[in-house]
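Accompanying notes for the structure given below.
The values are calculated or read from the model by the stated rules, or taken from the named source; none is laboratory data. Note that this is a predicted model, so its numbers are computed, not measured. Backbone-built Cβ (ideal geometry, glycine too); neighbour counts: all protein chains shown. What goes into the accessible areas is simple: the full protein's heavy atoms, side chains included, and nothing from ligands, DNA or RNA. Shrake-Rupley method; radii C 1.70, N 1.55, O 1.52, S 1.80 Å.
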Amino acid sequence: ALVQRQCTNGCPDVERSFGLVRFSAAGVVDLTFGTEGIQFSTVLADLDAEYFAAQSTGKLVVSGYTGLYAMKLFRIDATGELDTTFGTDGFIPMANGGQVRVLADDSILMESTYNGTERIDRYTANGQVLWKADLETITQSVFDNDFHQLGADLDATGRVVVAYRRRDVEDGPYR
């Protein structure tokens, strides 16, 4: 599990990023892991982990936020260390932050909203770009259409299907 401490009132530097909690198969916290069961990551200081998904290797693909318009997508091992074999030196350049899904072949599907743009991005298991789709362009929407991506999944044939809603005019009915 990923945990995030709220540090608005101050935290030790080691706790300013996200942490990992390890559980046994019976659901008991492993208190030998990290400090009292929490291993804080040192990938990036002040990183708010937003979403994550596990690959079959046990590594976690994490989407996080580091500040104004600064989103990160990266992969860590079971101890929270950055996996530098992923993407470029551990990160996927120009990746929007958002919901992360790992598919059966360990490839990655990311639903993202960033700076007014709704996208679906698909990456290989090791973080190489397969394709990117700007949903507003495809649906002929504009920012004022109040476009909302609702989710994405694979159908039985492996095609990505996206659900969305939008208004034709600001504050108009959804369609």
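List of remarks:
- Taking the stretch 132-150 as the range and being open to solvent by less than 90 Å² (accessible area, probe 1.4 Å) and either modelled with pLDDT of 75 or more or assigned to a loop (DSSP other than H, G, I, E, B) (or both) as the test, the residues that pass are 132, 133, 134, 135, 139, 141, 142, 146, 147.
- Within the stretch 75-97, tally of residues that are surrounded by 17 or more Cβ atoms within 10 Å (Cβ to Cβ) and either in contact with a His (Cβ under 9 Å, 6 or more places away or on another chain) or at positive phi (or both): 3
- Only a single item in (1) at pLDDT below 75; (2) polar (S, T, N, Q); (3) over 21 Å from residue 71 (Cβ atoms) is not met by residue 117, and it is number (3).
- The set of residues in the stretch 41-64 that are closer than 18 Å to residue 89 by Cβ and either open to solvent by 20 Å² or more (accessible area, probe 1.4 Å) or aliphatic (A, V, I, L, M) (or both) comprises 42, 43, 44, 45, 47, 59, 60, 61, 62.
- Selection within the stretch 151-175: residues that are at pLDDT below 80 and of a type in the set (Lys, Arg). The member of this set that is nearest to the chain's Cα centre (by Cα) is 165.
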